[in-house]
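The values are calculated or read from the model by the stated rules, or taken from the named source; none is laboratory data. Not measured: the values here are computed from a predicted model. Methodologically, a virtual Cβ is constructed for each residue, glycine included, from the backbone with ideal geometry; neighbour enumeration extends over all protein chains shown. Please note that ligands, DNA and RNA were not included when accessible areas were found on the heavy atoms of the full protein model with its side chains. Shrake-Rupley method; radii C 1.70, N 1.55, O 1.52, S 1.80 Å.
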Amino acid sequence: MKKFESSIKQVPYPQEAVYRNISDLSNLERVRDRVPQDKLKEFSFDQDSVTVSVDPVGKVTLRIVDREEPKCVKFETTQSPMPFNLWIQVLHVSESTSKMKVTVQADIPFMLAGMVSGPIQDGVEKIADALAQIPYE
């Protein structure tokens, strides 16, 4: 298993508000219009799972497998060309700010590691950037 971690992002919202939003995926409805339609062919979700179809990867479904209120939400793939786990950590900074980090742990075959490690790291960083910019009100 190989681990990919985003840089730590500052979020201008309290830890509890961020956690409340990321622990219930039905909140994605509020940001649906920010999803780049040219990159995703399918984007669906419910309270505990999200499915996206991304070129050239294909369909990926993530399901929440653990919630550690108010600091962490853990996901695992139920459908993906490559199995992986993802977790989002949220740390309290002050009454109005928090910090966030995204981590992915993937089971990458040795022969593919050199080709996919860079794009996966970039993807993890982009996910963290996007999550840090969401209005968690």
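Computed on protein heavy atoms with a 1.4 Å probe, the accessible areas place MET115, MET100 in the order MET115, MET100, largest first. Over segment 1-122, what is the relative contact order in percent, taking alpha-carbon pairs closer than 8 angstrom and at least six residues apart? Answer for segment 1-122 is 31 percent. Here the sum of -39500 (n - 2.57) over DSSP H runs of 4 or more residues, divided by the residues of the chain, equals -7500 deg cm²/dmol at 222 nm, to the nearest 500. Between VAL93 and GLN10, the modelled labels are 0.5 nm apart [label points 7 Å from Cα along Cα→Cβ].
Compute the accessible area per residue over the chain, keeping the other protein chains in place, probe 1.4 Å, unit Å². If you can, show how the numbers build up before the last one.
On the way: 8000 Å² over 137 residues.
The answer is 58 Å² per residue.
Lysine pairs in the chain whose alpha-carbon atoms fall under 19 angstrom of each other, counting only those eight or more residues apart or on distinct chains, come to 23.
Dividing the C-alpha radius of gyration of the chain by 2.2 N^0.38 Å, with N its residue count, gives 1.03. Over segment 29-108, the pair-distance histogram of Cα-Cα distances with 10 Å bins from zero comes to 16, 41, 35, 8, 0 percent, rounded to whole numbers.
Element breakdown for the chain at a 1.4 angstrom probe: carbon and sulfur atoms account for 54% of the accessible area.
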